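**Q** There's a structure below that I have some questions on.
The values are calculated or read from the model by the stated rules, or taken from the named source; none is laboratory data. Fair warning: this is a prediction, and the values are worked out from it, not measured in the lab. Positions of Cβ are generated from backbone atoms using ideal geometry, with glycine treated the same way; all protein chains shown enter the neighbour counts. Please note that ligands, DNA and RNA were not included when accessible areas were found on the heavy atoms of the full protein model with its side chains. Shrake-Rupley method; radii C 1.70, N 1.55, O 1.52, S 1.80 Å.
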Amino acid sequence: MIGALAAFLVSFAACFTAVASKHRRSIAVAVVAMVIGAATFGVPYSVYVKFRSAPRVWDITTDTVNPPQFVDIVPLRVNAPNIPQYRASKFAAIQKKAYPDIVPVHLAQPPADAFRIALAVARSFDWEIIASVPSEGRIEATATSFWFGFKDDIVIRVAADGNGSRVDIRSYARFGRNDGGKNAARVRTFIAKLKAEAATS
């Protein structure tokens, strides 16, 4: 990031020099270099600012008492510093304060139909589906970030709830001590789309 900033400043100075010389080609080259330098610096800097301002919780779940558990994804996290077990003492209070709207989803559909809808919604995102087990109401997936290739793991649980169903979701970063709010955003997006799909099914 420092290198990108330095490149931007150098290209910025070169642009002024080129303008002073009134050499059109030099101006064009300097402007292009300045734009590239700004973009190279701007993207990681915006990510840095976002991460610094986000609540320090990187394991988000709709159920902080009995969160959905990873099964098939556990071997994939064997070398990850963030253990797959949920640490309620570390995350629950922070999440409830920062994201009080993230709660279980109650659907009118029976579990089999709710599972089908939840799986379709999960597949609509750019996630790799790791497991789909209707008998357990469990869906597991992995999301990989575009810019840096960071992996977050997702587990969805569908269970009977009276005449309908209850759907819980958990999204958890494999690496890092701050996710910039990405997992909370992912859970919210999933919930919104799940409700919308269920309402039309």
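**Q** Search the range 117-155 for residues being in contact (Cβ under 8 Å) with a residue 12 or more places away in the chain and part of a helix (DSSP H, G or I), and hand back the single one that is surrounded by the fewest Cβ atoms within 10 Å (Cβ to Cβ).
**A** Here the answer is SER124.
**Q** Please work out which residue is surrounded by the most Cβ atoms within 10 Å (Cβ to Cβ), limiting yourself to the range 77-94 and to residues that are touching a residue at least 60 places away in the same chain (Cβ under 8 Å) and not basic (Lys, Arg). Outline the logic, then answer.
**A** Step one: of the range 77-94, the residues touching a residue at least 60 places away in the same chain (Cβ under 8 Å) are 77, 80-82, 84, 86.
From what is left, the residues that are not basic (Lys, Arg) are 80-82, 84, 86.
Numbers: ALA80: 16, PRO81: 10, ASN82: 17, PRO84: 19, TYR86: 21.
Filtering first and then ranking leaves TYR86.
**Q** Just name the residue that is least open to solvent (accessible area, probe 1.4 Å) out of those in the range 56-76 that are part of a loop (DSSP other than H, G, I, E, B) and of a type in the set (D, E, K, R). Reasoning before the result, please.
**A** First, the residues of the range 56-76 that are part of a loop (DSSP other than H, G, I, E, B): 56-58, 62-73.
Now narrow it down to the ones that are of a type in the set (D, E, K, R): 56, 63, 72.
Working: ARG56: 135, ASP63: 20, ASP72: 67 Å².
So, considering only residues that are part of a loop (DSSP other than H, G, I, E, B) and of a type in the set (D, E, K, R), the one least open to solvent (accessible area, probe 1.4 Å) is ASP63.
**Q** Given the conditions (1) in contact (Cβ under 8 Å) with a residue 24 or more places away in the chain; (2) surrounded by fewer than 16 Cβ atoms within 10 Å (Cβ to Cβ), which single one is not true for SER165?
**A** So the condition that SER165 fails would be (2).
**Q** Please go through the range 81-116 and pick out each residue that is assigned to a strand (DSSP E or B) and at pLDDT below 95. So that I can check it myself, show each step before the final result.
**A** Residues of the range 81-116 assigned to a strand (DSSP E or B): 105-107.
Of everything in the range 81-116, nothing turns out to be assigned to a strand (DSSP E or B) and at pLDDT below 95.
**Q** Follow-up. Could you list all residues from the range 161-188 that are farther than 15 Å from VAL103 by Cβ and out of contact with any strand residue (DSSP E or B) (no Cβ under 6 Å at 6 or more places or on another chain)?
**A** GLY162, ASN163, PHE175, GLY176, ARG177, ASN178, GLY180, GLY181, LYS182, ALA185
**Q** Return a yes/no flag: does the range 176-197 have any residue that is under 21 Å from PRO84 (Cα atoms), assigned to a strand (DSSP E or B) and among the hydrophobic types (A, V, I, L, M, F, W, C).
**A** no
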